[in-house]
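To start, the structure under review is shown below, and the notes come after it.
The values are calculated or read from the model by the stated rules, or taken from the named source; none is laboratory data. Only a predicted model underlies this, so the values are computations on that prediction, with no experimental measurement involved. Here the Cβ is made from the backbone with ideal geometry for all residues, glycine too, and neighbour counts use every protein chain on show. Remember, those area values only see protein heavy atoms, side chains included, never the ligands or the DNA or RNA. Shrake-Rupley method; radii C 1.70, N 1.55, O 1.52, S 1.80 Å.
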Amino acid sequence: MFETRSLRARLFLQFGVTIAAVPFLIPIYTMVSRSFAGGGWGNYAAVIGVPGFLQFFLNSAIVAGGSIILIYLATMTAAFGFSKLRVWRKEVLFWMMMVALTLPEIVLIAPLYATAVQLGLLGTFWSVILPIAALQIPFTVLITRGYVDGIPDTLFEAARLDGAGTFRVFWSILVPLSRSMAVALIVLVLINAWNSYLLPKVFLSSDDMGVVTLLPDFFRRQYNDDIPKILAAAVVTAIPTIVTYVALQKHFERGMAAGAIR
Amino acid sequence: MHGLGETSAMTVTTTGGGSSLLATLRAPRRGGQNRRRVIHLLPGGLAWILPGFIISVGLIYYSIFYAGYLSFFEWGGGRRPMIPVGAKNYLQILGDPIFWSAIFNTIIYFVAVFTAQVIGGVLFAAAMHSRIFLANIYKIIIVIPVVVAPATLAPAHIQVWQTDGTFNHILEGLGLGFFTQGWIGQSTTSLLVVTLVGCWGSVGFGFILYYAGMAQIDPEMLEAARIDGAGNLRILFSIVVPNLKAITVSLAILNFITALKLFDSVWLLTQGGPAHSSEFLGTMIYAETAGTSRNLGLATAMSVILIIIAISVSVIIQLRARERAPVS
Amino acid sequence: MTKIRDTALTGIVVVSLVLTGCATNAGSGDASAAPANSGKLTWWGWTPDTPVAEQYIAAFNREYPDIKVTYKNFENVDFRTSLTPALDSGKGPDVFDLSPAGGSADEWGSYAIDVAPLAKETLGSDWESKFGASYAKQLTDSKGRQVALPLGGMAAGFIWVNQNILQEAGAAIPTDYNSWVTTCKKVTAIGKACLTMGAGGADTFPTEMYHSIANSVDPSYFIKAATGRAKWNDPEGIQVLQIFKKMKEDGIIASNVLDGGQYPLANNSFMKGDTAMVQMGFWYTQYAGANSCKNAMEAAGVSNPTCFVQLPAEFPDVAGKGKGSAYFGEVDYGLAINAESPNIAAAKTFVAWMTMSKNGQQNVANALDLLPSLQGVTPDWSTLTLANNAVQKPLIEKLIADSTATTQSRQWQATKETLDAMVVAIQQVLDPTVKMSIEDIAAGQQKSSKTSTVGVG
């Protein structure tokens, strides 16, 4: 983008970017360095020693996995329907869905709380997965529809002329062709579900249902807020999302580019 | 936009904005005529739409209407009695100076974070598209604040901004010791801290979108400009940025909604304090939902107000963007 | 086509099945069940800390080995947020903590069984008088049901000092405002902070400092104002806020006071040995113990800590009227039994043992974090090791005696609105960037407060 033919210009740019990146490192540096205060590595041992430590990760994985499956299925079928099938008042329905884009999860808390009590969903993973899905689906449908729109109609028509049913068309054309979109969806939903804090905090109150974002809370007590261990817990919980992002970075950017910025 | 959360998903979406969001929302699109001819041959798709529709529209509209209903009651939740109070909750909110300062804080937050995200995002994206050593490392550094939950990062931010925090240590190290202060614990600076933390978590997202967007720009166009003698910054701001306007519009909508629904990081940093100086709608709703003397009617009335603001502002931003955008 | 419809229908059916299928059956407990000697139960609380609770449970299990108790500790705010949904879902704990403050008895009492019959059965018909002064009364709801039984009480209105720092600085324990300033000058001269306090956030801890100062100004003012017989912007209230402001300006209150709450800010600062004094209530006595102070210091971020000697001291006479603060105290928490619990029988055994048996209460006394609620129980000093027995023990014994004699309540007679308004006023006074006059701040405080009718008349 920038022309940097001379060595000086290159050095200048490199220097500028480095300086600009420093503020991004300060909180990270603080978090890691202060997580060793007091007990040193012992703080990390204490975090790993939290009863049911693995359960926290497993629960987050359940929430994330459930959200991904639900969102993926609902999004793909809906995007297919909106983009390639005949639906009565399609655009009205689509807009109704898009209005939900503006809804913050905090607004859901009070009504969902009362509803979950009535349905007996409180303290089940559904009480977290369903709202996450509800909040994500409008977004994911919107991008995925854009993506599916970009697949030529002729492909679908040809298949149909060959006698394939709608489900077959969906399964053998749409699903394989939208793989890069799927990766982007999965990364987005995974990170979002993994990071969800408020919903699990309010709805998953039972002992063995904590998720990773609640792990630092384990060291936040009436009589001892153990800050080094809170920070160590924060580092431990942050690692999976960072690794996921780094590992899927290329796919993620490709999916974004394909689905969002055609 | 903390976290590639729902918001981000939306951004992605919205990013398509220019090309995709606005286009996707503009029906029927491609080859209208052709389509009309085939339309009768298309199989019905209602059943395909329903699952997603039921989960999202079902749950969310239900919640909105339920919130609307509750907002006319005074209710402590659980087994407490529900007392119908008419519009009292709304009047109480609109007459509450804390509510208006929360609105003010939201606007400040929105403007600051949006600006930082656009400028920071564009500059970093442009730099990463240039020949730069270790570009991947920089990318990860900038994106970490986006992918890690604000709830996870909040304790670290407190360590940075408290009186004995990293930021004051840095100031002292730079010989600016006279400038150190209790950033989190002052009414005048608590909002600044919340906003800076917001910027910190948002620039990376702007970066991801602009970076992806810039990859789509025709290199020949840039080459032509360069031959005409345009400098780096000139090219960036007169060619690249206008080409990415769709992303910028999406970021505007997204950031506005993010500011409106801001909760996690503020609650964990300042709990809206001191003395309500960093209160946002999200923290006010939470305090009414979860506090000991809660009134769910008041919480839901605030939620209804929030939804109305969110929808009307996004519609306005989109309509204006559409008016101005040259239809391709 | 039909196939598609079938698929979609299946999907919907699955979703609705899931919705209904996961419905939990709220256990409906039997409030009249007789106490049992075996069973399994869960106990939730914001206090005590998990290790203390485990000691209690271990002692309980020596007498009742067949009742398995699982304790879950929450941070203060989380406890509130988590308990109501859990109780509503029927998946709540069998036993839970209940505090006398802010209408808790009414908020959660409806989920609890009336434990008066249990108390009567265990202690006899004069059971109420066997507990500390009005402890039982503080755990009744507005309909007069006994919703919990007191486990222990607490008191505040004094300060804790780090004797090592004072000795190093050559300073004395302050007795009035001027000596406090002098002490603080000496302490800051050796690079330590003087009085640490955390008044940031939404926590109501700072109200204890207000209460202490108010008691120095006029011992009857706080309760009068809380119950509507005086106003928060009366001259007494304004004087309290003025003293607050001055204490910060004169370097008594550390400058980072608004960075966070009392926990973790003030606690960590004091435990790290960075500050000479902190205002904490009776529960802080536990850190006089040789082991618990080490743990607390480690949690504050000190590697290989060596305990310092911490001592309780009278609150200095800040108003210059010849008195510090009268102690104020009340029941710290009680144990309530979930009315929907399927384990009420075992829960009764546990609660009765914890709150009403000599052995159970002896544990409470020995943990040194609470005043035992059952009268006549004192710590068994032969089992306790303090950081410095000779210096600390006499002072702590006096503290226990004085705390037990308290007649003034702490938060029981103050509404949540009043406490919140007080916190905001304190924050406004301590924040150097707020330009409001003290009179305006106090007027705002009065406006946002709500009179309490608890314990009046």
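Tally Lys/Arg at +1 and Asp/Glu at -1 over every other residue whose Cβ is under 14 Å from the Cβ of residue C:399; what's the total? Before the final figure, lay out each step's value.
Numbers: positive: C:393, C:398; negative: C:314, C:369, C:397, C:402.
Cβ neighbours under 14 Å give a net charge of -2.
Beta carbons within 10 angstrom, averaged per residue: use that to sort the peptides C:197-204, A:46-53, C:297-304, C:444-451, highest first.
Details: C:197-204: 25.9, A:46-53: 15.1, C:297-304: 20.5, C:444-451: 17.9.
My ranking of the peptides, most packed first, is C:197-204, C:297-304, C:444-451, A:46-53.
Report the relative contact order of the range B:166-257, percent, no decimals, based on alpha-carbon pairs under 8 angstrom and at least 6 residues apart.
On the way: 27 pairs, mean separation 17.9, N = 92.
Across the range B:166-257, relative contact order equals 19 percent.
Is the shape of the range C:113-157 rounded, prolate or oblate, going by the alpha carbon gyration tensor and its root eigenvalues a ≥ b ≥ c, with a/c under 1.5 for rounded and a/b larger than b/c for prolate?
Cα axes put the range C:113-157 in the oblate bin.
For residue C:272, which aspartates and glutamates qualify as cross-link partners when the Cα separation must be under 18 Å and same-chain residues fewer than eight apart are set aside?
Answer for residue C:272, where 18 Å is the Cα cut-off: A:225, A:226, B:164, C:168, C:259, C:298, listed by chain and number.
Expressed as an acute angle from 0 to 90° and rounded to the nearest 10, what is the orientation of the C-alpha long axis of helix C:438-448 relative to the principal long axis of chain C?
It works out to around 20 degrees.
Under 13 Å from the Cβ of residue B:95, count the other residues' Cβ atoms, weight Lys and Arg +1, Asp and Glu -1, and hand me the total. Please list the in-between numbers first.
Working: positive: B:88, C:447; negative: B:96.
Cβ neighbours under 13 Å give a net charge of +1.
Quick one: net charge of residue C:448's neighbours, Cβ under 12 Å, K/R +1, D/E -1?
Summing Lys and Arg as +1 and Asp and Glu as -1 gives 0.
May I ask you to derive the FRET efficiency for residue B:245 and residue A:118 from their Cβ-Cβ distance with R0 = 56 Å, giving the value to the nearest 0.05? Intermediate results must be reported in sequence, preceding the final value.
Numbers: r = 47 Å, r/R0 = 0.84.
So the FRET efficiency works out to roughly 0.75.
What's the long-distance tail for the range C:53-195, i.e. % of Cα pairs beyond 27 Å?
Details: 4812 of 10153 pairs.
I get 47 percent for the Cα pairs in the range C:53-195 exceeding 27 Å.
Beta carbons within 10 angstrom, averaged per residue: use that to sort the peptides A:122-131, B:107-116, B:184-193, A:241-250, highest first.
Highest to lowest by the protection proxy: A:122-131, B:184-193, B:107-116, A:241-250.
Over chain C, give the accessible area per residue in Å² for a 1.4 Å probe, as an integer. Provide the component values of the computation, followed by the final result.
Values: 16910 Å² over 457 residues.
Accessible area per residue: 37 Å².
From the square roots a ≥ b ≥ c of the eigenvalues of the alpha-carbon gyration tensor of chain A, which class results: rounded (a/c under 1.5), prolate (a/b over b/c), or oblate? Please report the intermediate quantities before stating the final value.
Details: a/c = 2.47, a/b = 1.30, b/c = 1.90.
Since a/c reaches 1.5 but b/c is at least a/b, the shape of chain A is classed as oblate.
Computed on protein heavy atoms with a 1.4 Å probe, what is the summed buried accessible area for the chain pair B and A, in Å² to the nearest 100?
Working: alone 18780 and 15850 Å², together 24720 Å².
Approximately 9900 Å², summed over both chains.
If you take every DSSP beta bridge whose two residues both sit in the protein assembly as shown, what share of them, in percent to the nearest 5, is antiparallel? List each step's numbers first, then the result.
Details: 29 of 45 bridges.
Roughly 65 percent of the beta bridges in the protein assembly as shown run antiparallel, per DSSP.
What's the average, rounded to a whole number, of partner chain beta-carbon atoms within 10 Å of each residue's beta-carbon in A:229-242?
On the way: counts 3, 7, 6, 0, 2, 8, 3, 1, 4, 7, 1, 2, 8, 5.
The shielding value for this peptide is 4.
Would you please put B:257-267, C:167-177, B:216-226 in order of how densely packed they are, using the mean number of other Cβ atoms within 10 angstrom per residue and starting with the highest? List each step's numbers first, then the result.
Details: B:257-267: 25.7, C:167-177: 17.1, B:216-226: 12.5.
For the peptides B:257-267, C:167-177, B:216-226, the packing ranking is B:257-267, C:167-177, B:216-226.
Taking R0 as 41 Å, what's the FRET efficiency between residue A:151 and residue C:70 from their Cβ-Cβ distance, rounded to 0.05? Can you show the working numbers first?
Details: r = 55 Å, r/R0 = 1.33.
Working from the Cβ atoms, E equals 0.15.
Leaving out ligands, DNA and RNA, and with a 1.4 Å probe, what % of the accessible surface on the range A:35-260 is carbon or sulfur? Provide the component values of the computation, followed by the final result.
Values: 5000 of 7150 Å².
Carbon and sulfur atoms account for 70 percent of the accessible area of the range A:35-260.
Lysines within cross-link reach of residue C:435: Cα-Cα under 23 Å, excluding same-chain residues under 8 positions apart?
Correct list for residue C:435: C:231, C:245, C:246, C:248, C:447.
Under 19 Å between alpha carbons, and skipping anything fewer than 8 positions from residue C:143 in its own chain: which lysines qualify?
Cross-link targets: C:120.
How high is the relative contact order of chain C, in percent, with contacts defined as C-alpha pairs under 8 Å that are six or more residues apart?
Numbers: 887 pairs, mean separation 113.8, N = 457.
Relative contact order comes out at 25 percent.
Counting only protein heavy atoms and using a 1.4 Å probe, what share of the accessible area of chain C belongs to carbon plus sulfur, as a whole percent? Kindly include the intermediate steps, with their values, before the conclusion.
Values: 8700 of 16910 Å².
So the carbon and sulfur contribution to the accessible surface is 51 percent.
For peptide B:160-169, what's the mean number of Cβ atoms from other chains within 10 Å of each residue's Cβ? Mind dumping the intermediate values first?
On the way: counts 6, 3, 6, 8, 8, 5, 7, 4, 1, 1.
Taking the mean over all residues of the peptide, I get 5.
Between residue C:378 and residue C:395, what is the label-to-label distance in nm when each label sits 7 Å out along the Cα-to-Cβ direction?
1.9
Can you compute the helix-only [θ] at 222 nm over the protein assembly as shown? Use -39500 (n - 2.57) per DSSP H run of at least 4 residues, normalise by all residues, nearest 500 deg cm²/dmol. Working shown, then result.
Working: 46 runs with 607 residues, N = 1047.
Value at 222 nm, helices only: -18500 deg cm²/dmol.
Residues of B:277-284, mean number of Cβ from any other protein chain within 10 Å of their own Cβ, rounded to a whole number?
On the way: counts 5, 0, 0, 1, 3, 5, 2, 1.
Taking the mean over all residues of the peptide, I get 2.
Can you tell me how the range B:39-164 classifies by the Cα gyration tensor, rounded, prolate or oblate, using a/c under 1.5 as the rounded cut?
Details: a/c = 2.50, a/b = 1.28, b/c = 1.95.
Oblate shape, in that a/c is at least 1.5 and b/c is the bigger or equal ratio.
Threshold 50 Å², probe 1.4 Å: give the residues of the range A:139-184, in number order, that are less accessible with all protein chains present than with their chain alone.
A:139, A:142, A:149, A:166, A:167
Can you compute the radius of gyration and Dmax for the protein assembly as shown, using only the Cα atoms, both in Å?
Computed over the Cα atoms of the protein assembly as shown, radius of gyration and Dmax are 30.6, 100 Å.
Return a whole-number percent for the relative contact order of the range A:35-260, with Cα pairs under 8 Å and 6 or more residues apart as the contact set.
Numbers: 219 pairs, mean separation 80.1, N = 226.
It rounds to 35 percent for the range A:35-260.
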